[in-house]
Amino acid sequence: MGSLKNDEEIEQMGDGSAKEAILYVNGVRKVLPDGLAHLTLLEYLRDSGLTGTKLGCGEGGCGACTVMVSQYDKSTKTCVHRAVNACLAPLYSVEGMHVITVEGVGNRRIGLHPIQESLARSHGSQCGFCTPGFIMSMYALLRSSREPPAEEQIEECLAGNLCRCTGYRPIVDAFRVFAKTDDALYTNTNPKEGEEFVCPSTGKPCSCRLKVPVDDKCASVHNTACGGERYNISSYSEVDGSKYTEKELIFPPELLLRKLTPLSLTGFNGLKWYRPVRLQHVLDLKAKYPDAKLVIGNSEVGIEMRLKRLQYQTLIHVANVPELNILNVKEDGIEIGASVKLSDLLQVLRKVIDERAAHETSSCKGIVEQLKWFAGTQIKNVASVGGNICTASPISDLNPLWMAAKAEFRIVDSKGGIRATQADKFFLGYRKVDLQSGEILHSVFLPWTGQFEYVKEFKQAHRREDDIAIVNAGMRVSLEEKGNQWVVSDASIAYGGVAPLSLAAVKTGKFLIGKSWNQELFLAALQVLETDVLLNENAPGGMVEFRKSLTCSFFFKFFMWVSHQMGGDNSASLSVPLSHLSAVQPFSRPSVMGSQDYEIQKLGTSVGSPEVHLSAKLQVTGEAEYADDAPMPSNGLHAALVLSQKPHARIVSIDDSEAKSSPGFAGIFLSKDVPGDNRIGAVAEDEETFATEFVTCVGQVIGVVVADTHENAKLAARKVHVEYEELPAVLTIREAIIAGSYHPNTEKCLKSGDVDACFRSGECYKIIEGEVQVGGQEHFYLEPQSSFIWTMDGGNEVHMISSTQAPHKHQKYVAHVLGLPLSKVVCKTKRLGGGFGGKETRSAFIAAAACVPSYLLNRPVKITLDRDIDMMTTGQRHSFLGKYKVGFTKEGKLLALDLEIYNNAGNSLDLSLSILERAMFHSDNVYAIPNVRIVGRVCFTNLPSNTAFRGFGGPQGMIIAENWIQRVAVEVNKTPEEIKEINFQGEGSITHYGQQLQHCTLAPLWNELKLSSDFCKAREDVNHFNRHNRWKKRGLAMVPTKFGISFTAKFMNQAGALVNVYTDGTVLVTHGGVEMGQGLHTKVAQVAASAFNIPLSSVFISETSTDKVPNASPTAASASSDLYGAAVLDACEQIKARMEPVSSKHNFTSFAELASACYFQRIDLSAHGFYITPNIGFDWITGQGDPFSYFTYGAAFAEVEIDTLTGDFHTRTANIILDLGYSINPAIDVGQIEGAFLQGLGWAALEELKWGDEAHKWIPPGCLYTCGPGSYKIPSLNDVPFKFNVSLLKGHPNVKAIHSSKAVGEPPFFLASVVLFAIKDAIIAARAEVGHHEWFPLDSPATPERIRMACLDQFTEPFITSDFRPKLSI
């Protein structure tokens, strides 16, 4: 055991003090040994076998690791339940608490909790990797709620959880039932005197909110609830929010009686961990260890130590020091202890706002509003006021507010002496504050505001929710009446995100004082402000023009807001024109509402039915296993990659001497150690397993290190010193074009008609030319890349479990690198935590690296990439550059398209040529163009190889087309929708690559969408809104799509399956496809169930394995249901044909009887099925053929609203319609549509990759800046359209695929570009206000920067010209 306290402290604590560090996990008592201070709670839980809690990012940004931590608050005599990120929580920080993981909520053996059941039934889990985190966030909310939570509270509690699959709507729907107000068990939430409180989560008497001293009642509650076991199991019929099962684990009685004691423990590499319980103890420790870091939530220090590689030897956990946890409401203000958690501060401030006079709490309201968008609930539950202040981040959301609100920071020294300093004097420089050695921040004093004193918060981030600020601000002004003028008596303005520290705009504040509050003052102050806030061209963070404009926009918003506040009650002279009120109206988000409209075309027992995902119940309980969940044997090793730090260089030397002396080191392996061939590649062998002489990107694998733990392997890998001779690097498409840097033999051309003759003919009313830049996108699958490899029979065989969409490719890579035949290598995949193309080819080189030490050492090796390494090394969606020349008639009829299209492949070919080809095929989108010439080139750059991503180049080709369509509309003064309609392809149309369209449903689908969206009325409403709102604008758009289904490489359109029928009537199906959340296994099982006319529950699919179905194509191209469904059906039909002679002679009462009878007749009940897609093929020499089996058509409508002053936007409505034939499973298909749309919305409007290139000189060359959820923002729940409606076209069966269905995975993705074009429509309205009616480019993603800088006005004019185009890494 570790030393918990000294003798003197033990005496002071009394007899109830503990002699050992303990923790309860899911009701089980755990003793924590000394030496684990370096561990997080997540590492401890997963090492203990509780793998339901997932590692998604390691920085508290995705919520996959969410658990509930409960502790007893002796001051309020209540049990406090909080959702926290286990990946950040130090293990010892939860000592003396009760941790409940998803396994403790419910499981298949004892029954599911209603939260789990509801999420499963609502189709709220697809890949399932994020699911336990959502369950725990919701569970913690219910356990901590005294009354049913409002829908807003439910959505707020999920702000810290990300999902890449579902689109969030079904998750919200699943949890919405728990917000119902007529729940029988919730009606008694305010017990009368003498009555017991009924917990809203359990429906049983509970200590959660009791305000009476704890006595033996707690023990009796424990006995009643547990009955000698962990749970009492009770059944329930339907989950409707009104009934709860009696399964909650109650708070352990031992912890109720346990007294808080100091801790002194240790960790790896001499780390010391202290938990003082008195202020003086903190001060003594700080005097003894001046460099010690104080931690509470570990949300900053944890990231510094793990991601920034900073080493702190002493950590002092001050969360439990009473003197630092004060929250005193006084006559002159509120005193806030430095250790007060942000969620507690939020709660108290909301209460204060309700209770005190409105004018006193202006600062409080500003802080409450800022905290709403500060971070997810899990972070706010642990992060502290003092931690946020003393971190001194230049983008802290709260520090500018403290500064503006005249807050006073109280500082205590080692002798207990307290001094005070004003907040605006506290920040001295980058991460430097006014704390001397031995001093700590004690508390913050926030004064009440006076009459006519106003404080306001501002923030603009890439994503509204749970995101760090680009720029934020706090502003305060105090006015007094002099004559009939309002004069500024005091003012303070502070900004974050514009300097190395939170910056007080001192000159502007002084300028305001003594002057009348009017328009003249505002305009003059704006001039001063521009000199107060200075940013140089290459300032870290970039976006300099945007950040400068935001400082002005925020000040304008503040001026308008104060004027509106004053004008409302006191002075007509300060009133704000109605059309300008949009500058100050707060954002208010309604709850997500969605509709799903489809028909069920049932075939047999299961096909056509909206069945729940087969793994849903495993996923909601955390029992579903992923690659990294595989238990490690005692002799297992962990691997970490040695990566290049340069974009292009010659390797001069590799020094591994320091690594070899690293703790737990077991070996390092370089190119010289590869037993087989070091050359690898998806299509061309243009990569190396381990770099030999040259590196061609940052993140290229140079070697692999293995050690006894994951952390030790990473530590040893970092100690490998590589000396480089740097060489010139090509980092962008434009640089590649200039340098002629292309991958060999990758220039492609498609021609139809005669483009040049058309341009010369004079037919064209106009010929326009332009460029479209399309940014890349990170896959951000929640489950990082992972492989677990081991040998058998002394190395004669190699087996692996991999997170891959292409097990056969892993098999090939490993066999190739080890010099083994394919027959001796087996790859298995149970399920993926998301893939989206990112695990098709770029997962294989990771397995190739890890197989070398496993094979040579004859020991199991597991490799799981950290999120930042995953993002830096495995490639993304290709960025594209399109150069177009388009000719058209006066009516807007298209005549000719001449297009040059380039993609950024990175340093290897991978699948880039096929992606380029698909982009070229889709460059017409749905438009008939008589004359077409498309030339494509694959650029070689010194970036990690880009790869497949949902849509596979199709979306890039189509978005380029939609851009020039929109420009044509401007040129002929028509709406984009009119131009689209007169150019639509139809039945019998011939594409530019010679394929005739058959069964084209574009027209009925488009017309149905237009009608259901009431497009004309929506346009009138938007125009009306825009006429009456100067600073907020709305926009509309409709976008169609036509997505070709098939692998464009003909040989890949094949599939195999193995079907086994057992004598009990159950069926085991194995096929070559991989389940990654898309519901492939569920659909295939439905095909088998209907084929045999048996219940779906009788069909089981275990895993995908190369020793069951060989040579399988990757699970990609949206075609897997078509391919594997048909292969399984083939196998089922073979078995049925063998059964038929038996079944025809007897009247069997069940399939089990038939199977048993066939067995006794010696009939083979196993069959291998096979399917090839017929009638496809394309000849690139002639430029003609049918590359696609058929097309999936769709269309989308969107209405958005933008804030023209900040670039903030939200999607008010999104209506989507797709033609999916007769869906095999409409519920799964709708989930795919919603998920694809949200992922596409990220690509079109949120997610921006920033590389160290010419556009971003503040980033080291070739390095990826956006390499984690802290800097790369995928859509959150807050980004879901307010109204999200999905419908499937009815009555159009697809004759080309199994059971008349159509592929769904990729086609909906592009439809999200409708949001980008709706944004552009809104920007057009904004630009019209200042007389700009010309066409302008809007690159994707349409981030707040691009939106705001396109909305020209007086606040952008000082910084940009009208043709300004924000920088983009392409």
With point charges of +1 on the Cβ of Lys and Arg and -1 on the Cβ of Asp and Glu, referenced to the Cα centre of the chain, which listed residue (458, 1275, 71) lies farthest in the positive direction of the dipole? 71
Highest to lowest packing among 1032-1044, 251-263, scored as the average C-beta count within 10 Å: 1032-1044, 251-263
Note down the nm distance, to one decimal, between modelled labels 7 Å out along Cα→Cβ at residue 1161 and at residue 1175. 3.6 nm
Just the number: Rg to Rh for the range 740-833, Cα atoms, Kirkwood Rh, two decimals. 1.31
Return the ratio Rg/(2.2 N^0.38 Å) for the range 704-754, where Rg is computed over Cα atoms only. 2.18
Expressed as a percent, the portion of alpha-carbon pairs in the range 460-547 spaced more than 17 Å apart is 55 percent
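How long are the semi-axes of the ellipsoid equivalent to the range 617-679, from square roots of 5 times the Cα gyration tensor eigenvalues, in whole Å, largest first?
33, 17, 14
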Stokes-Einstein D for the range 572-709 at 25 °C, 0.890 mPa s, Kirkwood Rh over Cα pairs, in µm²/s? 110 µm²/s
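How large is the Rg to Rh ratio of the range 1115-1255 when both quantities use alpha carbon positions and Rh follows Kirkwood? Walk me through the numbers before you get to the answer.
Details: Rg = 24.9 Å, Rh = 20.9 Å.
Value, to two decimals: 1.19.
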Which semi-axis lengths, in whole Å and largest first, follow from the square roots of five times the eigenvalues of the Cα gyration tensor of the range 636-773? 47, 16, 14
Mind checking Rg over Rh on the range 812-970, alpha carbons, Kirkwood formula for Rh? 1.14
At 1.4 Å probe size, with the rest of the protein present, what percent of the exposed accessible area of the range 839-882 is carbon and sulfur atoms? 51 percent
At 1.4 Å probe radius, can you tell me the per residue accessible area of the chain in Å²? 34 Å²
Return the carbon/sulfur percentage of the accessible area of the range 736-807, one whole number, probe 1.4 Å, all protein chains in place. 45 percent
How large is the direction-averaged shadow of the alpha-carbon convex hull of the range 1244-1316, in nm²? 8.4 nm²
Sequence order, the range 1115-1123: Karplus ³J(HN,Hα) from phi using 6.51 cos²θ - 1.76 cosθ + 1.60, θ = phi - 60°, Hz rounded, Gly and Pro as x, gives 7, 6, 6, 6, 9, 5, 5, 4, 5
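If packing is taken as the average count of other Cβ atoms within 10 Å, what order do 646-656, 81-91 fall into, highest mean first?
Packing proxy ranking, top to bottom: 81-91, 646-656.
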How big is the range 421-461 by Rg and Dmax over its Cα atoms, in Å? 14.3, 41
Surface accessible to a 1.4 Å probe, residue 1259 within the full protein complex, Å²: 10 Å²
Report the charge-dipole magnitude of the range 455-575 in Debye, nearest 20, computed about the Cα centre from +1 at each Lys and Arg Cβ and -1 at each Asp and Glu Cβ. 80 debye
Ratio of the range 723-785's C-alpha Rg to 2.2 N^0.38 Å, to two decimals? 1.88
What is the Cα coordinate range of the range 130-180 on the first, second and third principal axes, sorted by size from largest, in whole angstrom? 32, 17, 14
Over the range 1163-1276, what percent of the accessible surface lies on carbon and sulfur atoms, probe 1.4 Å? 56 percent
Positive end of the charge dipole of the chain (Lys, Arg +1 and Asp, Glu -1 on Cβ, about the Cα centre): tell me which of 83, 1117, 438 has its Cα farthest that way. 438
I need the phi-derived Karplus couplings for the range 395-411: 6.51 cos²θ - 1.76 cosθ + 1.60, θ = phi - 60°, integer Hz, Gly and Pro marked x. 10, 4, 6, 8, 4, x, 6, 4, 5, 5, 7, 6, 5, 10, 9, 9, 10
Segment residue 359-residue 1097, length gained on full extension (0.36 nm per residue, minus Cα span): 259.4 nm
What are the radius of gyration and Dmax of the range 508-587, computed over its Cα atoms and given in Å? 14.5, 46
Of the peptides 595-608, 1202-1215, how do they stack up when ordered by the mean number of other Cβ atoms within 10 Å, highest first? 1202-1215, 595-608
Cα shape, the range 403-524, gyration tensor, a/c 1.5 rule: oblate
Distance in nm between pseudo-label sites at residue 48 and residue 418 (7 Å out along the Cβ direction from Cα): 3.9 nm
So what is the orientation-averaged projected area of the range 1077-1148, using the convex hull of its C-alpha atoms, in nm²? 5.7 nm²
Please list the equivalent ellipsoid semi-axes of the range 572-633, computed as the square roots of five times the alpha-carbon gyration tensor eigenvalues, in descending order and whole angstrom. 51, 26, 7
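Can you give the relative contact order of the chain as a percent, counting alpha carbon pairs under 8 Å and 6+ residues apart?
Working: 3375 pairs, mean separation 145.1, N = 1370.
After rounding, I find 11 percent.
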Let me see the pair-distance distribution of the range 1009-1151: every alpha carbon pair, 5 Å bin width, integer percents in order. 2, 8, 15, 14, 11, 8, 7, 6, 6, 6, 6, 5, 3, 1, 1, 0, 0
Average the reciprocal distances over every distinct pair of alpha-carbons in the range 840-907, invert the result, and give the Kirkwood radius in Å. 16.4 Å
Using the Kirkwood formula on alpha carbons, the hydrodynamic radius of the range 1171-1244 in angstrom works out to 15.9 Å
Cα-only Debye scattering, the chain: base-10 log of I(q)/I(0) at q = 0.09 Å⁻¹: -1.31
Among 1126, 684, 709, which residue has its Cα positioned farthest towards the positive end of the charge dipole of the chain, with +1 placed on the Cβ of Lys and Arg, -1 on the Cβ of Asp and Glu, and the dipole taken about the Cα centre? 709
Going by Cα centres, the range 1304-1370 and the range 299-345 are how many Å apart? 41 Å
Checking a compactness column here: for the range 1183-1287, what do you get for Rg(Cα) / (2.2 N^0.38 Å), N being the number of residues? 1.42
Let me know the charge dipole size of the chain about its Cα centre in debye, to the nearest 20, where only the beta-carbon of Lys, Arg (+1) and Asp, Glu (-1) is charged. 360 debye
Rounded to 5, percent antiparallel among DSSP beta bridges of the range 1008-1104: 60 percent
Alpha carbon centre of the range 1070-1108 versus the range 825-881: separation in Å? 25 Å
Per-bin percent of Cα-Cα distances, the range 507-661 [5 Å]: 1, 5, 8, 8, 7, 7, 6, 5, 6, 9, 9, 10, 9, 5, 3, 1, 0
Between residue 538 and residue 432, the two model label points (7 Å from Cα along the beta-carbon direction) sit apart by a distance in nm of 2.3 nm
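The values are calculated or read from the model by the stated rules, or taken from the named source; none is laboratory data. None of these values were measured; they are calculated from a predicted model. Neighbour counts run over all protein chains shown; Cβ positions are idealised from the backbone, glycine included. SASA here: full protein model, heavy atoms, side chains in, ligands and nucleic acids out. Shrake-Rupley method; radii C 1.70, N 1.55, O 1.52, S 1.80 Å.
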